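Below is one structure, written out as structure tokens; comments come after it.
The values are calculated or read from the model by the stated rules, or taken from the named source; none is laboratory data. Owing to the predicted nature of the structure, the values given are computational and were not obtained by experimental measurement. When we count neighbours, we look across all protein chains shown, and the Cβ atoms used for this are built from the backbone with ideal geometry, even at glycine. The protein model used for the area step is the full one, side chains on, heavy atoms only, and it has no ligands, DNA or RNA in it. Shrake-Rupley method; radii C 1.70, N 1.55, O 1.52, S 1.80 Å.
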Amino acid sequence: MRIGAHVDQADPLAEAATRAAEAVQFFLSDPQGWKAPKPREDADRLRAAEVDIYVHAPYVINVATLNNRIRIPSRKLLLGHATAAAQLDARGLIVHGGHVNAGDDLAVGFDNWRKTFAYAADSGGFPVPVLIENTAGGDNACARRLDALARLWDALGDYEVGFCLDTCHAYAGGEELLDLVDRVKAITGRIDLVHANNSKGGFNSGQDRHDNLDGGTIDPELLVAVIRAADAPVIVETPGGATGQGADIAFLREQLGTGA
Ligand SMILES: [Zn+2]
């Protein structure tokens, strides 16, 4: 089980070294902005690195929305990030499930996801696996609760789609962690990556506030059980920089007995 962290995009390999991380996830642009990613000067080093690379798409992306002025640029930006991620031999591009606005039909949101994959297929398909991540909040989300996730996966049935399970988002989003992996896999058939985070917010609070693994409102033993059951690469997106994340990675290795 490869274990790593979400790190600053300036020098991901240096960040990996300070955390003894076997994998890193980073943004390729401002996560709150609409700018297309620029080619990276360290692309050769990243491709050659022992460390596994994951790219997180910007938060502004929402391919599900009925708002054209968000949906259309979201599709383009997602494909642009996939292309840039492929240049780094990234293992996956993580993107949030998105949502529709209050009063809008969620069914259209799921179909907009299908259209996003159809749009990418028109230019040969996404060049890296796209991993849709479950989210913590909102009443009209495509991937907060598993009933919605099942409808999303039905809509995307024709395409190869990956899944990223965020433990904080699941718990704060109102899904019990007990047997969560089995219930997710019954829908998606796969978990490609785990975002291992404890939660500052309580169960079903809807709050996307990550905490260190042995802090927060989730019993750390339950958290470890979910991560073990998922049997997928792990990225911590926890606070405390290299010290906090390094401790979380060491904690997981000890609990999972994976050494390193
Ligand atoms: Zn996450």
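State all residues of the stretch 153-188 that are within 13 Å of the ligand (Cβ to nearest atom) and surrounded by fewer than 22 Cβ atoms within 10 Å (Cβ to Cβ); if no residue qualifies, say none.
Let us first name the residues in the stretch 153-188 that are within 13 Å of the ligand (Cβ to nearest atom), namely 163-173.
Answer for the stretch 153-188, where residues must be within 13 Å of the ligand (Cβ to nearest atom) and surrounded by fewer than 22 Cβ atoms within 10 Å (Cβ to Cβ): there is none.
Has the stretch 113-130 got at least one residue that is of a type outside the set (A, V, I, L, M, F, W, C), open to solvent by 10 Å² or more (accessible area, probe 1.4 Å) and under 22 Å from residue 184 (Cβ atoms)? Reasoning before the result, please.
First, the residues of the stretch 113-130 that are of a type outside the set (A, V, I, L, M, F, W, C): 114-116, 119, 122-125, 127, 129.
After this cut, where a residue has to be open to solvent by 10 Å² or more (accessible area, probe 1.4 Å) as well, the list is 114-115, 119, 122-125, 127, 129.
Cutting the leftovers down to under 22 Å from residue 184 (Cβ atoms) gives us 114, 129.
Yes, some residue in the stretch 113-130 is of a type outside the set (A, V, I, L, M, F, W, C), open to solvent by 10 Å² or more (accessible area, probe 1.4 Å) and under 22 Å from residue 184 (Cβ atoms).
What helices (runs of 4 or more DSSP H), lying completely within the stretch 25-128, carry at least 2 residues that are under 30 Å from residue 249 (Cα atoms)? Before the answer, list the steps.
Values: elements: 43-48, 68-86, 106-122.
So the answer is 43-48, 68-86.
Pairs needed: first member in the stretch 246-258, surrounded by 17 or more Cβ atoms within 10 Å (Cβ to Cβ); second member anywhere, assigned to a helix (DSSP H, G or I) and at pLDDT 95 or above; C-beta distance under 6 Å; at least 6 residues apart or different chains.
Partner pairs satisfying both residue conditions: 246/19; 249/19; 255/224.
Scan the stretch 19-48 for residues that are open to solvent by 90 Å² or more (accessible area, probe 1.4 Å) and more than 17 Å from the chain's Cα centre (by Cα) and jot them down.
34, 35, 38, 39, 41, 44, 45, 47
Out of all the residues in the stretch 189-219, which are open to solvent by less than 40 Å² (accessible area, probe 1.4 Å), more than 16 Å from the ligand (Cβ to nearest atom) and within 22 Å of residue 3 (Cβ to Cβ)?
215
Given (1) away from the ligand (no atom under 16 Å from the Cβ); (2) surrounded by fewer than 24 Cβ atoms within 10 Å (Cβ to Cβ); (3) of a type outside the set (Gly, Ala, Ser), where does residue 60 come up short, assuming only one miss?
(1)
In the stretch 226-238, which residues are within 13 Å of the ligand (Cβ to nearest atom) and either at positive phi or open to solvent by 40 Å² or more (accessible area, probe 1.4 Å) (or both)?
none
Note down all Cβ pairs under 6 Å where the first residue falls in the stretch 155-175 and is closer than 11 Å to residue 135 by Cβ, the second is within 12 Å of the ligand (Cβ to nearest atom) and in a loop (DSSP other than H, G, I, E, B), and they're at least six residues apart or on different chains.
166/134; 168/197; 169/134; 169/135; 169/136; 170/134; 172/136; 173/136
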